[in-house]
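Chemist: Here's a structure for you.
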Amino acid sequence: MRRATSSCSQGEASGAVRCQRLTAIGSSVGGRWVLIGVIRFGKKVREYIGTVFTRLLPFRLFQPRLPGFASQCAVCRSWPARQLCQPCLARFAPVQRRCASCALALPADLSMGLRTDPGLCAACVRQRSPLDHALAAVPYAYPWSTLIAGYKFGEQPGWAAFFAALLLKTPGVLQAFSDLQANDWIVPVPLSAERLQTRGFNQAWELASALARQSRTAAQADAQLLLRIKHTRPQSQLKREARLANVKGAFLVDPLRVAELDGRRVVLVDDVMTSGASLFTAAEALRAAGAAHVTAVILARTAAT
Ligand SMILES: [Zn+2]
Ligand SMILES: [Zn+2]
């Protein structure tokens, strides 16, 4: 570049063309270096951003996303997405036919609309559960088991709003909340005082209050109506047969508020249903206090064993 400029200043006639050519080459070479510099700088910036995100990924998995802001899908990492992208929702939260009494997934209905009875699983055909109706959004399997664990044990209550929105898109759930009158109740499955102290929040209550808010139901969510009077071992540590015995007598409606349940409809909310022991026992306590109708709304339901 310097050589080309000094040549031009000499003003030689024969050098005019050569001068222009050298200037063009000089500009071209200089431009190329500038371009290479920009590309390299851009690459460094991309690498830095990539490193920062990679280091943050383990934490980002369980981070709640702010509503209204595009983010990265918690499952496939695609951009932009809210908590989960549409393809992941379509893949992992398909609409599933479920038992009306215990929300167990049923095989696809091949009756071509000829059936008039509500779909029931084999166990509920023999004996209905204490629930009048049971609704669940997703199977308790990957990725929901991981996301719910993060919500529950990773101190991420912010996921409740997303889970509530997912539940309200499940057929029948919005109707269950619309059916409630002003004197009816939305009740979370309560935690014992000991577990509440350890965990810091009741995941079922966060879900219940988000459902009440988003559904715009006339009823109120109340975490003090149904009490857990017995601290029990975590159901997940017990075999199926032992679970019912574990929660027997664990729930009681506040004796001072029994009249508030008399003849009322209740939506009972929980995050996960496995054997159903907790929900069934809680529903029995609500019925014993005079509740006329109990619908269970559950985020995730295990498959049949
Ligand atoms: Zn995704
Ligand atoms: Zn059933």
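Chemist: Under a point spin-label approximation (7 Å from Cα along Cα-to-Cβ), what is the Val258-Glu284 distance to one decimal in nm?
Modeler: Using points 7 Å along Cα→Cβ, the separation is 1.7 nm.
Chemist: Additional query: Where does each of Arg240, Arg82 land when they are ranked from fewest to most other beta-carbon atoms within 10 angstrom? Before the final figure, lay out the partial values.
Modeler: Details: Arg240 12, Arg82 19.
Ranking Arg240, Arg82 by Cβ neighbours within 10 Å, fewest first, gives Arg240, Arg82.
Chemist: If you don't mind, another one. Under 16 Å from a label point 7 Å along Cα→Cβ of Arg213: give me every residue in the stretch 124-161 with its amide N that close.
Modeler: Inside the label zone: 156-161.
Chemist: For the stretch 201-305, what does the relative contact order come out to in percent, with C-alpha contacts under 8 Å and a separation of six or more?
Modeler: Values: 137 pairs, mean separation 28.9, N = 105.
Across the stretch 201-305, relative contact order equals 27 percent.
Chemist: Suppose R0 equals 22 Å. What FRET efficiency, 1/(1 + (r/R0)^6) with r the Cβ-Cβ distance, do Gln86 and Ala303 give to the nearest 0.05? If you can, show how the numbers build up before the last one.
Modeler: Values: r = 24 Å, r/R0 = 1.10.
Efficiency computed from Cβ-Cβ geometry: 0.35.
Chemist: What ranking of Trp159, Trp79 emerges when the number of other C-beta atoms within 10 Å of each C-beta is taken as an exposure proxy, fewest first? Kindly include the intermediate steps, with their values, before the conclusion.
Modeler: On the way: Trp159 26, Trp79 9.
So the ranking, lowest neighbour count to highest, is Trp79, Trp159.
Chemist: What order, most packed first, do the peptides 206-219, 122-135 have when packing is the mean number of other Cβ atoms within 10 Å of each residue?
Modeler: Highest-to-lowest ranking by the protection proxy: 206-219, 122-135.
Chemist: So if I restrict to the alpha-carbon atoms in the stretch 149-305, what is the Rg, and what is Dmax, the biggest pairwise distance, in Å?
Modeler: 14.7, 40
Values in this text are rule-based calculations from the coordinates and carry no lab data. Bear in mind that the values here come from a model prediction, so they are computed numbers and not experimental data. No Cβ is skipped: glycine too gets one built from the backbone with ideal geometry, and neighbour counts run over all protein chains shown.
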